[in-house]
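Before any comments, here is the structure.
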Amino acid sequence: MSAENELLDLVRGSGNFNSDNALAQRLGVTRAMVSSWRSGRYAMPDERIAQLCALAKVDGGTWMAKIHAERAASPAEKALWRSVLDRLSAAAAVVALLVIAVKAGGHQGLEATLPALFVIDPGYIMRNWPCPRTGAWPAIPVADPPPR
């Protein structure tokens, strides 16, 4: 099944659309146009991909990359879109792991593993002296700082 058909089915399943006709009306296109996208006669415009992703509440960048990777004419273009898709997938995986760690109460362990440079005192930007934990000086002092 093509990525365009997968996206159309996903939108139909997640919304209140019991037919392609209902979906077409919501998108402001004809039923024949949705049918043409399904059959591969016409390529789905990027604007419609974004609109469908918003309706299904899914990541538009990932679906855009999937669809463009399928449409790509040359091997180089296909490789480029696959690379974009792989990078988006990797970034999403890292974010998901961080969210799971924080939700599961594992953020204390996460804080312990981060280098001291990334753990900044909450009032750090309001000071004119170094952070007591990291020793880092503020980037823009508000007044003349004490001698170093």
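Tell me the residue from R31, R26, R71, R82 that is of a type in the set (K, R), in contact with a Phe, Trp or Tyr (Cβ under 7 Å, 6 or more places away or on another chain) and either free of Cβ contacts under 8 Å to residues at least 40 places away in the same chain or surrounded by 14 or more Cβ atoms within 10 Å (Cβ to Cβ) (or both), please. Before the answer, list the steps.
Numbers: R31 fails: in contact with a Phe, Trp or Tyr (Cβ under 7 Å, 6 or more places away or on another chain); R71 fails: in contact with a Phe, Trp or Tyr (Cβ under 7 Å, 6 or more places away or on another chain); R82 fails: in contact with a Phe, Trp or Tyr (Cβ under 7 Å, 6 or more places away or on another chain).
One residue alone meets the criteria, R26.
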**Report entry** Given (1) at pLDDT below 85; (2) assigned by TED's automatic domain parsing to the domain that holds R26; (3) surrounded by fewer than 13 Cβ atoms within 10 Å (Cβ to Cβ); (4) not polar (S, T, N, Q), index of the condition L110 fails
**Finding:** (2)
Query raised in the report: Being at positive phi and in contact (Cβ under 8 Å) with a residue 12 or more places away in the chain, is that true of even one residue in the stretch 38-60?
Result: yes
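For the stretch 8-44, which positions are small (G, A, S), in a helix (DSSP H, G or I) and out of contact with any Lys or Arg (no Cβ under 6 Å at 6 or more places or on another chain)? I'd like the intermediate steps shown before the answer.
Here is the first cut: in the stretch 8-44, the ones small (G, A, S) are 13-15, 19, 22, 24, 28, 32, 35-36, 39-40, 43.
Still in the running and in a helix (DSSP H, G or I): 13-14, 22, 24, 32, 35-36, 39.
Within the stretch 8-44, G13, S14, A22, A32, S35, S36, S39 meet the criteria.
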**Report entry** Residue check for A73: closer than 18 Å to S2 by Cα and assigned to a loop (DSSP other than H, G, I, E, B)
**Finding:** yes
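The values are calculated or read from the model by the stated rules, or taken from the named source; none is laboratory data. None of these values were measured; they are calculated from a predicted model. Quick reminder, even Gly has a Cβ in these numbers, built from the backbone with ideal geometry, and neighbours come from all protein chains shown.
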